[in-house]
Amino acid sequence: MKFYQLSSLKIFTVLATAALLAGCSGGSAQLSPNSQTSQTEQSAPVSQSPIVLADGIRASYADIVERVAPAVVNIDARRRTSRAPQQQQQQQQNPLLDDPRFRDFFDQLPQGQRQQPPPVERGVGSGVIISADGTILTNNHVVEGADDIEIELTDKRTFKAKVVGLDPASDLAVLKVEADNLPFMNLGDSDKVRVGDVVLAIGNPLGIGQTVTSGIISATGRRTGLGTGSFENFLQTDAPINRGNSGGALINVTGELIGINSQILSPGGAAGGNIGIGFAIPSNMVKGVMEQLVKNGKVRRGQLGVLIRDIDSDLAASLNLKDTRGAVITDVQPDSAAAKAGLQRYDVVTALNGERVEDGNTLRNRIAATQPGSEVTLTVLREGKEQQIKATLGELAVQTAENERENPQGNQNAPGGEQSGRLGLGLQPLTPDMKRQLQVNAERGLVVTEVDPNGPAAEAGFREQDVILEINRQPVTSFEDVQAALEKSGDRPVLILMERRGQVVFLTVRQRR
């Protein structure tokens, strides 16, 4: 079962065209000065048709759809690709193919010998107009890399669109068309959405044209891990949505935009369709990203400088916590906002600025949504005692392919090592050579050389090349250290701190007896 983004960008058809498409500017165009006034004036309450009831149950949403559907547009995004290898080789062998003086001669050659223009990839998605002057929301993956973007309204008018800003971390993009008095949709408050609320999804599935489906909110606060930066807090819905719905609208029964459709869970792979599990980016996250993209063309996010993980029942037992609420800090980056504020490994963050923190994803999203340089107050449990810690946030660096850490290859079959039957692990002391080979930061520890597939460590998620640093908060550098720590653990789950591919994480294991 896998998550898939909804744009039919994944199923591009390659078009052989006779002429190149004109590229669009990727600049950070801004709203016109009077756009706010225009939106306020245009968004006055609209009288609604009477609700149609059948046996006390609403039988139609036609009045709502008629009012808001014109604000949902089709997006045709095209991207030129490089010439096929055979064409590139042919051009290198005969440079006259690019000389205009010989063009008439080569035009008379058989089709297979002529120079072909670069093929064009075409993807179809959806978007939502959110201001009368032509500002449009969609998904980043719908338009990223596109050279030409065309918007089609429900009345069949078409416009060329420019990119105002892209934000891969949230999978959102803002576009702009030059038009006035367009139909638009108002943003709702996604924090007020409840599981069980009726919703409508509007978009352009599979490029067949605008389609409306209905369902309910199945869950809130979902995370799928598919996004580039994974700043995710999805609304989950069973309203049928399919490929091409990317960037389309998820609305409530009053016609407010509460989410931008983004992903589906499908068992059929990249060609799979709707099974009633879809995900939309909540409108409150959309609003914050959109405002920054319109103003600056990019999004700035706060950074605390910690690695965190959620708390399950085993970890709560290991740390003597009363419940599983909050996020535990597994590592503090040097010279970060967290380090300067005095945060420590094993601290449990339970609130941010007085608002309860349910899990690590909640904390991560709230910190990211706070501007760099802002002071925040963290409620922290340390050694069972609650305290308030103030921190001034740094700025999250934008991750690119150039600055992301590559996955270490390492030695897949590290020889030797002693066995821990209680955990189902083969272990070997970390040496300087292994440290360089595995590209880890740890100076001391034990390298996992083997994982018993039927053992408790495998069930907990251990892998070969993990480096164990601590067991039950005690450093371990030898097999004897491991045995002693396991003996002291008794019947409680074993809390293990380890490093994997440069990141420090916690795992809990129930040892075999």
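The values are calculated or read from the model by the stated rules, or taken from the named source; none is laboratory data. A quick note: this is a predicted structure, and the numbers were derived from the prediction, not measured. Quick reminder, even Gly has a Cβ in these numbers, built from the backbone with ideal geometry, and neighbours come from all protein chains shown. Quick note on the areas: whole protein, heavy atoms, side chains included, nothing else; ligands and nucleic acids left out. Shrake-Rupley method; radii C 1.70, N 1.55, O 1.52, S 1.80 Å.
If the label point is 7 Å along Cα→Cβ of R366, which residues in the range 319-360 have backbone nitrogen under 15 Å from it?
Answer for the range 319-360: 325-329, 348-360.
Which of the aspartates and glutamates could be linked to K156 by a straight reach, that is with a Cα gap under 14 Å, when you skip same-chain ones fewer than 8 residues away?
D76
So what's the range 274-401 giving for Rg/Rh, alpha carbon basis, Kirkwood Rh from the mean inverse pair distance?
Rg/Rh for the range 274-401 comes to 1.01.
Can you list the HN-Hα couplings for the range 210-219, worked out from phi with the Karplus curve (6.51, -1.76, 1.60; θ = phi - 60°), rounded to whole Hz and with x for Gly and Pro?
So the Karplus estimates, Gly and Pro as x, are 4, 9, 10, 10, 10, x, 10, 6, 8, 6 Hz.
Under 5 Å between amide hydrogens, which residues at least 5 positions from T220 or on another chain qualify, with H placed 1.01 Å from N in the peptide plane?
Placed amide hydrogens put Q236 under 5 Å from T220.
Just need log10 I(q)/I(0) for the range 304-372 at q = 0.17, 0.18, 0.23 Å⁻¹, Debye formula, equal scatterers on the alpha-carbon atoms, no solvent, rounded to two decimals.
Taken in order of the listed q values, log10 I(q)/I(0) reads -0.58, -0.65, -1.02.
With every protein chain in place, what's the accessible area of K160 (1.4 Å probe, Å², nearest 10)?
Near enough 120 Å² of accessible area.
Compute the length gained on full extension between I208 and E358: take 0.36 nm times their separation in residues and subtract their Cα-Cα distance, giving the result in nm to one decimal.
Gain in length upon complete extension: 49.9 nm.
Give a residue-ordered list of calculated ³J(HN,Hα) values for the range 358-363 (Karplus: 6.51 cos²θ - 1.76 cosθ + 1.60, θ = phi - 60°; whole Hz; x for Gly, Pro).
With the stated coefficients, the range 358-363 comes to 7, 7, x, 5, 4, 4 Hz.
Using modelled backbone amide H atoms (1.01 Å from N, in-plane), which distant-in-sequence or interchain residues come within less than 5 Å of D466's amide H?
V448
From the phi angles alone, apply the Karplus equation (6.51, -1.76, 1.60; θ = phi - 60°) to the range 476-484 and give each ³J(HN,Hα) in whole Hz, x where the residue is Gly or Pro.
These are the phi-based 3J(HN,Hα) values: 10, 10, 9, 5, 5, 4, 5, 4, 5 Hz.
Non-local amide H neighbours of L172 (under 5 Å, H modeled in plane, Pro and chain starts lacking H): which ones?
N140, D167
Students often get this wrong, so check it: of K192/K390; K295/K390; K385/K488; K176/K295; K192/K322; K176/K298, which have C-alpha atoms separated by over 20 Å?
K192/K390; K295/K390; K385/K488; K192/K322
Using a 1.4 Å probe over the heavy atoms of the protein chains, calculate the carbon and sulfur portion of the accessible area of the range 133-180 as a whole percent.
46
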